[in-house]
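The values are calculated or read from the model by the stated rules, or taken from the named source; none is laboratory data. On a predicted model such as this, the values are computed, not experimentally measured, just so you know. Every residue, glycine as well, gets a Cβ built from its backbone with ideal geometry; the counts of neighbours run over all protein chains shown. When the accessible area is computed, the model is the full protein with side chains, heavy atoms only, and any ligands, DNA or RNA have been set aside. Shrake-Rupley method; radii C 1.70, N 1.55, O 1.52, S 1.80 Å.
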Amino acid sequence: MVNIFGHHSFTGLSDNEAVELLKKNGFNELPSSKNNQLVTIILSVLKEPMFLLLITCGLLYLFLGSINDALLLLFFVVLIIGTTIYQELKVENALKALKDLSSPRASVVRSGVQKKIPSREVVKGDLIILEEGDRVPADAIILQSNNLLVDESLLTGESFAVRKSEGKEGVEFKPAGGEDTSFVYSSTLVVGGSGVARVVKTGVETQVGAIGKELEKTVDEETILRKEIKKITKIFVICAFIVCFLIGMFYYLSTINLIDSILSALAIAMSILPEEFAVVMTLFLALGAWRMSKYNVLIRNLNAIQNIGSATVLCVDKTGTITLNKMVLKKAFTGGEEYDFAIKSVPKKFEKLLKYAVLASQKIPFDPMEKAIKEGVFEKISDIKEDDYEIVKEYSLSKKLLALSQVWESENKKEFIVASKGAPEAIIDLCHLGNKNKKIILNQVNKFSDEGYRVIGVASAVIKKQFNKNNEFVFPSKQHDFKFEFLGLIALQDPIRKSVPNAIKECYQAGIRVIMITGDYAGTAKHIALQAGLNKIEEVLTGEEIQKMSFNELKEKVKKVNIFARIAPEQKFLIVSALKANKEVVVMTGDGVNDAPALKSAHVGISMGARGTEVAREASAIVLIDDDFASIVKAVQIGRRIFDNIKKAVTYIIAIHIPIAGLALFPVIFRWPLIFFPVHIAFLELIIDPICSIAFESEVEEKNIMKRKPRKLNEPLFSKKNLLFGVLQGLLILIIVLTLYGFILNVGVEEGVARTIAFTVLLISNLLIVFSMRSNDLTIIESFSKPNKALYLVVGFAIIVLILVLNVPFLRELFYFSSLGLIELIFCIAIGFMTVIIFEGIKVYKKFLLTNNKLNHSSN
């Protein structure tokens with residue numbers, strides 16, 4: 001039995017009952033629109049131009065009677081398709097895991113304990129607790145309603161929220177629509193109040209399921225990066241087929257050999273096609289999102305990965321993000337005196353204040369402040385017995401009055417006592433205090449605030465039982481109608497998280513400004529900011545001041561103010577808008593219903609997973625599971641790492657495709673024997689694909705990644721610098737290998753040996769530039785200290801296959817190779833190193849200049 005909202009006791013299912021019902025009825029979800037995932041992936045892979053070209057070549061070899069060539073090529077096709085399918089399934093599984101993690105949560109009572117579970121695990125008979133901002137997880141009947149308002153426009157089309165009343169279990173369940181019904185429906189939104197309901201329908205049996213609305217249908221979004229890749233890939237594909245046709249025609253007119261013309265044209269087309277681009281985009285973003293989830297950061301929108309790496313400003317809530325959101329009762333004030341809870345015994349004059357602070361809280365509190373009040377008071381005073389009183393009415397907080405009151409029936413049953421607590425200004429207002437007393441209290445509030453405390457005012461009232469003609473007691477309609485007595489103040493503290501100072505320091509090193517936004521007083525905010533290590537905390541901007549400002553004035557203020565205090569949720573949107581108007585890339589955190597506009601407006605909206613509402617989660621691009629500020633900073637780091645590694649992979653793709661395309665193209669133009677046949681391209685693709693996707697995706701971040709300034713949000717993936725670097729690297733390999741091939745042929749070495757040497761040098765160069773591109777600062781030798789199991793496995797596989805091809809006669813024949821001696825192999829390795837030595841030399845020179853500058857700086 002659990003007592004909820006201080007009214008009634010309710011019985012929830014046991015954990016075992018819930019497990020059995022879940023097995024019997026299945027998950028609380030609609031059937032997925034994505035069936036037969038494996039078949040879909042296979043079909044999409046087979047539609048890729050590269051695979052169509054490979055299969056065409058294999059069939060052509062079969063037609064010509066070259067069974068061994070056809071089988072080898074088709075074997076490579078199967079391997080490449082298998083690798084691609086493995087990558088795609090890995091991506092799909094990562095995205096599915098993320099979707100499960102970021103799916104809506106429901107608050108239920110199981111085995112006498114209130115807990116949060118994924119909505120899909122809600123079963124018939126579950127007792128669900130509904131609060132403002134929640135999505136209703138299933139169709140249910142309301143057992144208790146506390147001013148419960150629900151937006152049912154999803155089902156009814158009516159834009160106004162409807163009021164809910166209490167019902168009885170077992171009554172006939174009715175469709176949505178109308179006021180004061182006792183039913184709530186899956187996927188509708190609680191916009192006010194709270195309630196308790198028993199689930200009667202789940203999954204396809206709900207009204208949403210019955211009318212076939214696919215509310216959870218996933219739409220694959222086109223990220224900015226993916227659009228850029230798509231555009232570049234399209235250009236490459238068009239170029240590949242134009243060059244393929246022209247070279248095929250040229251070769252045929254030169255040799256009058258149709259078969260060789262087709263094979264050379266297909267080889268050139270395969271060498272130019274950069275099908276790896278699409279793999280890189282899909283894999284990096286999906287696995288990046290999955291990687292972030294390990295650090296309690298759930299990505300709901302893949303664009304957020306790119307945007308968070310560009311963040312210039314982090315706007316964070318103080319409570320629960322910078323602090324622990326675990327309040328501790330520290331001090332109390334009444335009658336001009338202070339009491340410190342570090343002292344064991346409570347003076348008699350403070351007992352009434354503390355008793356009414358407890359009575360103004362829920363019997364079983366969920367709010368951190370109420371938990372702290374009750375724990376702190378009960379530790380000091382053991383004779384406060386809530387069970388001697390019965391709560392009969394509750395007055396909730398509102399925007400106009402930041403105070404709540406609970407009406408209890410007294411022990412003697414002759415009167416009602418009213419306990420109220422809230423913002424000190426609101427309690428002062430309720431008590432109608434004179435200016436003198438008001439000034440004394442507000443001075444004490446400011447004193448507590450300056451010491452970093454959260455201050456709550458407490459008041460009490462007593463009303464006699466007076467009944468009307470119908471023998472009913474009618475309570476006042478509003479809190480102001482009670483004659484309250486001001487009892488005093490209580491001061492609570494929410495300690496900062498231990499990880500915050502270092503995380504904020506890391507932000508500053510990364511060129512990211514941190515802004516703290518809170519509903520607390522300026523003094524409290526400054527005290528917390530000082531502990532957290534925020535910069536420039538002298539000036540504080542309050543919500544009241546913002547209200548009086550024009551937007552242009554706010555734009556100027558947000559350039560230098562880092563603390564915003566007494567901020568209403570709707571004012572967060574103004575702050576975000578002003579920052580964006582100043583060309584900042586804004587990351588914004590929020591947890592409430594009213595935070596949704598600000599979260600939606602920010603470049604990256606981050607909702608709180610532990611305490612956030614479903615509305616906030618739906619408006620955000622990222623969900624922070626542990627609400628920890630350090631997790632946001634980790635997400636920025638991973639976002640930067642992902643973009644860094646994508647740039648490295650793309651540069652590698654460009655660098656390696658240039659020599660492959662050139663070595664397929666120039667022998668045709670120069671009328672040399674062909675270096676590449678389709679089998680060689682297929683083998684190279686088998687290595688390039690996993691290197692540019694799995695290996696580069698697994699690459700750890702650069703050491704200085706969080707010491708750089710944020711990159712521009714619109715910075716292209718194919719920047720001039722990256723393109724130039726990739727093209728120069730590729731051209732250097734092409735020139736060296738092509739010159740070597742021409743020279744060997746010119747001195748009379750037979751075609752097979754020349755092809756073998758050229759291919760071996762190209763493969764070694766390929767592997768070496770991977771290690772060269774792993775870091776912008778570390779040399780190849782230094783890069784071996786960086787862990788990357790995936791890379792070492794791919795490189796090891798490539799070396800083993802090359803050794804087998806060069807030494808097993810059957811394989812050597814299939815590749816049109818000749819055997820190489822030890823000296824020739826050493827020669828190939830040495831030439832391979834020549835292809836990266838210039839770029840490695842540039843790294844060494846840059847390090848020399850950096851070291852020299854540091855020495856000069858220290859000597860000065």
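The set of residues in the stretch 1-25 that are surrounded by 14 or more Cβ atoms within 10 Å (Cβ to Cβ), modelled with pLDDT of 85 or more and among the small types (Gly, Ala, Ser) contains only Ala18. Selection within the stretch 590-638: residues that are at pLDDT 70 or above and of a type in the set (Lys, Arg). The member of this set that is surrounded by the most Cβ atoms within 10 Å (Cβ to Cβ) is Lys634.
Of all positions in the stretch 708-719, at least one carries a residue that is under 20 Å from Leu283 (Cβ atoms) and either open to solvent by less than 50 Å² (accessible area, probe 1.4 Å) or among the small types (Gly, Ala, Ser) (or both). Here the strands (runs of 3 or more DSSP E) wholly within the stretch 287-350 that include at least 3 residues being closer than 19 Å to Ala619 by Cβ are 297-299, 313-317. Considering the conditions (1) under 22 Å from Lys583 (Cα atoms); (2) out of contact with any strand residue (DSSP E or B) (no Cβ under 8 Å at 6 or more places or on another chain); (3) open to solvent by less than 60 Å² (accessible area, probe 1.4 Å), His527 is excluded by exactly one of them, (1).
Scanning the stretch 456-486 for residues that are assigned to a strand (DSSP E or B) and in contact with a Ser or Thr (Cβ under 6 Å, 6 or more places away or on another chain) yields Ala459, Glu485. Residues that are free of Cβ contacts under 8 Å to residues at least 12 places away in the same chain and not in a helix (DSSP H, G or I) within the stretch 360-370 comprise Pro365, Asp367, listed in sequence order. The single condition among (1) in contact with a strand residue (DSSP E or B) (Cβ under 7 Å, 6 or more places away or on another chain); (2) more than 12 Å from Ile517 (Cα to Cα); (3) in a helix (DSSP H, G or I) that Val587 does not satisfy is (3). Ile272 satisfies every condition listed in (1) modelled with pLDDT under 65; (2) among the β-branched types (Val, Ile, Thr); (3) open to solvent by 40 Å² or more (accessible area, probe 1.4 Å) except (3). Residues in the stretch 389-434 that are part of a helix (DSSP H, G or I) and either under 16 Å from Pro476 (Cα atoms) or touching a Pro at 6+ places or on another chain (Cβ under 9 Å) (or both): Leu430, Cys431. When restricted to residues that are within 21 Å of Glu685 (Cα to Cα) and either surrounded by fewer than 18 Cβ atoms within 10 Å (Cβ to Cβ) or in contact with a Pro (Cβ under 7 Å, 6 or more places away or on another chain) (or both), the stretch 813-823 contains 1. Note on the stretch 800-812: residues that are assigned to a helix (DSSP H, G or I) and surrounded by fewer than 14 Cβ atoms within 10 Å (Cβ to Cβ) total 6. Out of Tyr389, Tyr339, Tyr356, one residue alone is modelled with pLDDT of 85 or more and within 21 Å of Ile463 (Cβ to Cβ). It is Tyr356. When each of Phe797, Phe759, Phe784, Phe743 is tested for being touching a residue at least 24 places away in the same chain (Cβ under 8 Å), surrounded by fewer than 16 Cβ atoms within 10 Å (Cβ to Cβ), over 30 Å from Asn307 (Cα atoms) and among the aromatic types (Phe, Trp, Tyr), the lone residue that passes is Phe797. Looking only at the stretch 371-385, decide whether some residue is at pLDDT 85 or above, more than 36 Å from the chain's Cα centre (by Cα) and assigned to a loop (DSSP other than H, G, I, E, B). Looking through the stretch 371-385, none of the residues is at pLDDT 85 or above, more than 36 Å from the chain's Cα centre (by Cα) and assigned to a loop (DSSP other than H, G, I, E, B). Here Ser577, Ser550 are screened, and the one residue that is farther than 23 Å from Gly452 by Cβ, among the polar types (S, T, N, Q) and open to solvent by 40 Å² or more (accessible area, probe 1.4 Å) is Ser550. Of the residues making up the stretch 419-443, those that are surrounded by 18 or more Cβ atoms within 10 Å (Cβ to Cβ) and under 45 Å from the mean Cα position of the chain (by Cα) number 12. Does Ala357 satisfy the criteria of being outside any helix (DSSP H, G or I), under 16 Å from Val445 (Cβ atoms) and open to solvent by less than 60 Å² (accessible area, probe 1.4 Å)? Considered against the rule, which asks whether it is outside any helix (DSSP H, G or I), under 16 Å from Val445 (Cβ atoms) and open to solvent by less than 60 Å² (accessible area, probe 1.4 Å), Ala357 comes out as no. Only one entry of Lys400, Lys393, Lys363, Lys413 meets the criterion of being touching a strand residue (DSSP E or B) at 6+ places or on another chain (Cβ under 6 Å) and over 28 Å from Phe341 (Cα atoms), and that entry is Lys393.
Condition check for Lys414 on (1) more than 23 Å from Gln114 (Cβ to Cβ); (2) basic (Lys, Arg); (3) in contact (Cβ under 8 Å) with a residue 40 or more places away in the chain; (4) in contact with a Ser or Thr (Cβ under 8 Å, 6 or more places away or on another chain): one failure, at (4). Condition check: open to solvent by 10 Å² or more (accessible area, probe 1.4 Å) and within 30 Å of Thr739 (Cα to Cα). Does Phe677 satisfy that? Yes; evaluated as a whole, the condition is true for this residue.
I'm trying to understand the selection: among the residues of the stretch 720-734, which are of a type in the set (S, T, N, Q) and either open to solvent by less than 20 Å² (accessible area, probe 1.4 Å) or in contact with a Leu (Cβ under 7 Å, 6 or more places away or on another chain) (or both)? Gln729, the sole residue that qualifies. With respect to Leu130, is the statement that it is open to solvent by 20 Å² or more (accessible area, probe 1.4 Å), part of a strand (DSSP E or B), aliphatic (A, V, I, L, M) and under 23 Å from Gly170 (Cα atoms) true? No; evaluated as a whole, the condition is false for this residue.
Look at Ile440 and say whether it is in contact with a strand residue (DSSP E or B) (Cβ under 8 Å, 6 or more places away or on another chain), assigned to a helix (DSSP H, G or I), closer than 14 Å to Gly488 by Cα and among the β-branched types (Val, Ile, Thr). It is false that Ile440 is in contact with a strand residue (DSSP E or B) (Cβ under 8 Å, 6 or more places away or on another chain), assigned to a helix (DSSP H, G or I), closer than 14 Å to Gly488 by Cα and among the β-branched types (Val, Ile, Thr). The set of residues from the stretch 181-197 being surrounded by 21 or more Cβ atoms within 10 Å (Cβ to Cβ) and part of a strand (DSSP E or B) comprises Phe183, Val184, Leu189, Val190, Gly195, Val196, Ala197. Can you find a residue that is part of a loop (DSSP other than H, G, I, E, B), touching a Gly at 6+ places or on another chain (Cβ under 8 Å), open to solvent by 80 Å² or more (accessible area, probe 1.4 Å) and modelled with pLDDT under 75 anywhere in the stretch 157-180? Yes. Among residues of the stretch 542-571 that are in contact (Cβ under 8 Å) with a residue 60 or more places away in the chain, those with a beta-carbon under 8 Å from a residue that is in a loop (DSSP other than H, G, I, E, B) at least six positions away or on a different chain give the pairs Ala568/Lys399; Ala568/Gly519.
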